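Following: one structure in structure tokens, then a few remarks.
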Amino acid sequence: MPKTRATGDEFARERQHRIALVVQEHGRARVIDLAAQFGVSAVTIRKDLARLEQEQRLVRTHGGAVAVGRARPESAFEIRERLQQDEKTWIAADAVSLIHDGEAVVLDASTTALYVARAIRAHGGWTHLTVVTNGLRIASELAGYPGVSVLMLGGWVRHEAFSLVGGIGDGMFRRINVQKAIVGAAGFTLESGLSDATEEEAQIKRAMVGPAREVFGIIDHTKWGRAAFATFCRTERLTGVITDAGAPAEMVADLRRAGIDVRIAAGPEPDEGFRLG
């Protein structure tokens, strides 16, 4: 029986499988090293990494990739920023629809809150919106944007999250009125509420949530059913939760029965008038 020749796609899948094994074994790998090891171009390696990231077998970083689920209490910010990008974009768009000009809104230092900051810029038309945050990336995103004032909380810098933490900024909330707190979380269960990976982050988020008239959790489906290290907002304190369609239906139903609004964010509807080809 004649041998069947392997197709280019089969070669690519075998190479991608081996790349995933390399990243898993060593924890990380650089594009330049992978290109040399497998005898292909850097462009090809980047395409391989993109496909492997879609399959959730690794996470792309600047110049390479890292393994999924490395044993750390919190992933580096730039890595977490790349996860669930579509879901975070949809959640952010929904969150911005709740914000009204003239309000003071709290955003934490989570990557989902960064997407909200970007959605605030994209929305435009603000004349007097105040954003209170402990997130360095969020403050940088909104600094100087017309009609948006940024108030930074004081504290120590945590490079893992580009955030300011500690009790230095707690007193700020006794002097300002906050309409909405819009906060991400590392985990959410009905029993423990919104929780974070470290007590440092949870402490400042408790201060953020405390004075807010309304509290909205912005959590994609991967955060549901997980209790992270430290709770900062009990379920009964929540006004609402904004999530995506992957959130567990039973938990969503339980939350709604408890009188808490759950908004399922989704992408834009396809344009019926547009067709490829």
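Values quoted throughout were computed directly from the atomic coordinates according to the rules given, and no laboratory measurement underlies them. Everything numeric in this text was worked out from a predicted model, so none of it was measured. Methodologically, a virtual Cβ is constructed for each residue, glycine included, from the backbone with ideal geometry; neighbour enumeration extends over all protein chains shown.
Using θ = phi - 60° and the Karplus form 6.51 cos²θ - 1.76 cosθ + 1.60, what ³J(HN,Hα) does each residue of segment 172-189 get, whole Hz, x for Gly and Pro?
Here the 3J(HN,Hα) series is 4, 6, 7, 10, 10, 9, 10, 7, 9, 10, 10, 10, x, 7, 7, x, 8, 10 Hz.
Keeping to pairs on different chains or 8 or more places apart, tell me how many lysine pairs in the chain have Cα atoms under 27 Å apart.
Summing the qualifying lysine pairs gives 7.
Taking Cα atoms, how many degrees apart are the long axis of helix 199-209 and the longest axis of the chain, rounded to 10 and kept between 0 and 90?
For helix 199-209, the angle is close to 50 degrees.
May I ask for the angle, rounded to the nearest 10°, between helix 111-123 and the longest principal axis of the chain, with both axes built from Cα atoms and the value confined to 0 to 90°?
80 degrees
In segment 151-191, what trypsin sites (Lys or Arg not before Pro) fall in a loop by DSSP, with at most 12 other Cβ atoms inside 10 Å?
Loop-located and lightly packed - Arg175.
Out of Ser195, Ala253, Gly39, whose Cα points farthest toward the positive end of the dipole of the chain (charges: +1 Lys, Arg; -1 Asp, Glu; placed on Cβ)?
Gly39
Determine the relative contact order of the chain: mean sequence separation of Cα pairs under 8 Å and six or more apart, normalised by residue count, in whole percent.
14 percent
Quick check: pseudo-label points 7 Å beyond the Cα along Cα→Cβ at Arg175 and Arg237, how many nm apart are they?
2.3 nm
Provide Rg and Dmax in Å for segment 9-71, with only Cα atoms included in the calculation.
Both quantities, over Cα of segment 9-71: 10.3, 33 Å.
For segment 154-266, what's the relative contact order in percent, using C-alpha pairs closer than 8 Å and at least 6 residues apart?
After rounding, I find 24 percent.
For His221 and Thr127, FRET efficiency with R0 = 30 Å and r from the beta-carbon atoms, rounded to 0.05?
Once rounded, the FRET efficiency stands at 0.30.
So between Glu78 and Ser41, what do we pick up on full extension, going 0.36 nm a residue minus the alpha carbon distance?
Contour length minus the Cα-Cα distance gives 10.8 nm.
Tell me the label-point distance for the pair Tyr145, Asp86, using the 7 Å Cα-to-Cβ offset, in nm and rounded to one decimal.
Here the answer is 2.4 nm between the modelled labels.
Could you tell me what percent of the DSSP beta bridges with both partners in the chain are antiparallel, to the nearest 5?
Of all bridge pairs located within the chain, approximately 40 percent are antiparallel.
Report, to the nearest 10°, how far helix 85-96 tilts away from the longest principal axis of the Cα atoms in the chain, using its own Cα long axis and a range of 0 to 90°.
Rounded to the nearest ten degrees, it is 20.
Taking just the alpha carbons, could you work out the radius of gyration and Dmax for segment 85-265, both in angstroms?
Over segment 85-265's Cα set, Rg and Dmax evaluate to 14.9, 43 Å.
Can you compute the modelled spin-label distance between Gln56 and Arg213, with each label point 7 Å from Cα toward Cβ, in nm?
In this crude spin-label approximation the distance works out to 3.9 nm.
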